[in-house]
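Participant: Have a look at this one.
Taken together, the values in this text are just the output of simple stated rules run on the coordinates, not laboratory data. The structure displayed is predicted, hence computed values, not measured ones. Heads up, the Cβs are rebuilt from the backbone with ideal geometry, glycines too, and the neighbour counts pull from every protein chain shown.
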Amino acid sequence: MPRTKEQIREYMRAWHIAHREERNARTRAYKTAHREQVLEYDRKYQASLRDAALALAPSGVRCTYCGYDTDRRALQFDHINGNGYLARGKSANKLYHKIIKEGWPADLQILCANCNQIKKIENCEYGPR
Ligand SMILES: [Zn+2]
């Protein structure tokens with residue numbers, strides 16, 4: 001039997017690897033059976049991550065161009081150099097985690113949806129299609 005913290009950690013790691021398929025099937029079944037609950041949890045989790053990342057913006061939680069701050073949902077994370085699709089990858093959550101862990105990057109700003117769209121069009125900032 002494992003005795004030390006490190007032995008217990010190693011035992012758990014080995015158990016998780018050995019039971020991977022079983023665990024994945026159980027997780028899938030749970031998520032299917034509790035679909036609405038899981039989606040609601042995911043939405044709340046993502047909103048809290050986004051809020052935590054927004055709160056770290058050095059210019060405050062408002063549009064850098066026009067100062068809009070009425071509804072947080074209309075505020076967007078804008079990569080100043082227009083390469084957001086590269087930095088973000090597949091998941092916005094990754095960006096939020098990175099901001100929370102490493103601080104606000106120098107090449108990021110908050111824009112409202114209107115200003116971000118206008119900037120995107122004026123600078124031809126489109127990712128690969
Ligand atoms: Zn704006």
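Participant: Pull out a ≥ b ≥ c, the square roots of the eigenvalues of the alpha-carbon gyration tensor of segment 11-73, then state rounded if a/c is under 1.5, prolate if not and a/b is larger than b/c, and oblate in the remaining case.
Facilitator: oblate
Participant: Hey, fewest Cβ within 10 Å first, where do Cys63, Cys124 land in order?
Facilitator: Ordered by Cβ neighbours within 10 Å, fewest first: Cys124, Cys63.
Participant: Something else now. Among Leu49, Leu75, Leu86, which one shows the highest mean-square fluctuation when the chain is modelled as a Gaussian network with alpha-carbon springs under 10 Å?
Facilitator: In the Gaussian network model the winner is Leu86.
Participant: Which of Ile118, Ile110 comes first, and how do the rest follow, when ranked by fewest Cβ neighbours within 10 Å?
Facilitator: Ile118, Ile110
Participant: Across segment 34-122, how many lysine pairs separated by 8 or more positions, or lying on different chains, have Cα atoms within less than 19 Å?
Facilitator: Numbers: Lys44/Lys94; Lys44/Lys98; Lys90/Lys98; Lys90/Lys101.
The number of close lysine pairs in segment 34-122 is 4.
Participant: Separate question: Two-decimal Rg/Rh of the chain from alpha-carbon positions, Kirkwood Rh?
Facilitator: Radius of gyration over Kirkwood radius for the chain works out to 1.14.
Participant: In µm²/s, what is D for segment 52-93 at 4 °C and 1.567 mPa s, where D = kT/(6 pi eta Rh) by Stokes-Einstein and Rh is the Kirkwood radius from Cα pairs? It would help to have the intermediate numbers written out before the result.
Facilitator: Numbers: Rh = 11.5 Å.
Answer from the Stokes-Einstein relation: 113 µm²/s.
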